[in-house]
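Report on the structure given below.
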Amino acid sequence: MTTRICVDGELGDERSARISVLDRGFLYGDSVYEVLRTYGGKPFALDEHMERLERSAELLAISLPLSREELVSEMRRTIEAAGNAESYVRLVITRGGGPIGLDPALAVDPTRVLIVTELRTLPEAAYETGVKISLIAAGRSAEGQLPAGAKSGNYLTNLLALQIAKERGAHEALLLDAHGRICEGSSSNVFVVQGQTIRTPPPEVGILEGITRRKVLALARGLGHPVEEVHLEAADLRRADEVFLTSTIREVLPVTEVDETRVGDARPGPIAKALRAAFPRPRPF
């Protein structure tokens, strides 16, 4: 596995890469980021990811240090330097360093970090048998997301939820808001299938609208499935014929168990399988 890291334009590896201990991304998670994967060595859904990065930075009032074209050029250079068959790409923009203090006005210059490492995907067995997820009462509220929709580096709630889920033997945590409504996974979006209808929580519940979520919604509509963005609760999972997760790395991953409750007949369902098969990943020439 080859890892290459580019910090403010300086290319290195995990041993040589350096950022200041006073950087606000390190101290407070005061940063925005995107995770991409490659197909055939090329970043997938690049424009959508860069648009979301720009939107997140605007919402958090973090100045991007380079233009989109310059950031993409730096990304491609780092991917090429890593030389992996396929890569996981993480682009982080922090508010920067400066004197210690919570006030964002203390920040000096944004720091940009690109991490490129070998892509590690789930084994095919996970898609053939499905995975277990666990409901975690995170107490989140859409009103408490300040601001909603930004992909920021402050992921402590998600991290702790995933830790609890792992202790329960689950692959992923599914976070509930203060009203008991389903929000999202710690690093995924969730979908519920009843009959031919596909449902997923709406943006206003405080979710991060995943790029893969967006593509799957469009794909499902194209395949003729009714699609609804509606509030969901734990009972909807128990009644579901199918449940599946979406994310950049997972694509479309079937769920066959929620805590100790089986989903449907405890096997990946036909709709999740069809969506995964039809997922618009680039094909090699």
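Over the Cα atoms, compute the radius of gyration (one decimal) and Dmax (the largest Cα-Cα distance, rounded to a whole number) for segment 173-285, in Å.
Spelled out, the Cα radius of gyration and Dmax of segment 173-285 are 13.3, 49 Å.
Under 15 Å from the Cβ of Ala85, count the other residues' Cβ atoms, weight Lys and Arg +1, Asp and Glu -1, and hand me the total.
The answer is +2.
What is the spread of the Cα atoms of the chain along each of their three principal axes, largest first, in whole Å?
That gives 54, 47, 34 Å along the principal axes, largest extent first.
Show the residues, 5+ positions off or on another chain, whose built amide H is closer than 5 Å to the amide H of Thr248.
Thr212
Convert each backbone phi in segment 27-43 into a coupling constant with the Karplus relation 6.51 cos²θ - 1.76 cosθ + 1.60 (shift: θ = phi - 60°), then list the ³J(HN,Hα) values in order as whole Hz, x for Gly and Pro.
6, 10, x, 7, 7, 10, 7, 9, 10, 10, 10, 9, 10, x, x, 10, x
For segment 76-122, report the convex hull volume of the alpha-carbon atoms normalised per residue, in Å³, without decimals.
98
Just want the ordering: Arg239, Arg90, from fewest to most Cβ atoms lying within 10 Å of their own Cβ.
Arg239, Arg90
Test of understanding: ordering Val72, Val216, Val258 by Cβ neighbours within 10 Å, fewest first, what list do you get?
Going from least to most buried by this count: Val72, Val258, Val216.
Amide H of Val263 versus every other amide H placed in the peptide plane: which residues, excluding those fewer than 5 positions away on the same chain, fall under 5 Å?
The list, which skips near neighbours in sequence, is Glu257, Val258.
Once phi is turned into θ = phi - 60°, what whole-Hz ³J(HN,Hα) does the Karplus curve with 6.51, -1.76 and 1.60 give for every residue of segment 227-244, x standing for Gly and Pro?
10, 10, 9, 9, 5, 10, 10, 4, 4, 5, 5, 5, 8, 5, 7, 8, 9, 8
Would you mind estimating how fast segment 7-153 diffuses translationally, via Stokes-Einstein at 4 °C and 1.567 mPa s with the Kirkwood radius over Cα pairs, in µm²/s?
D = 76 µm²/s.
Laboratory data are not the source of any read-out in this text; all were calculated from the coordinates shown. Every value quoted in this text rests on a predicted model; they were computed, and no experiment measured them. Ideal geometry is used to build each Cβ from the backbone, glycine not excepted, and the neighbour counts take in all protein chains shown.
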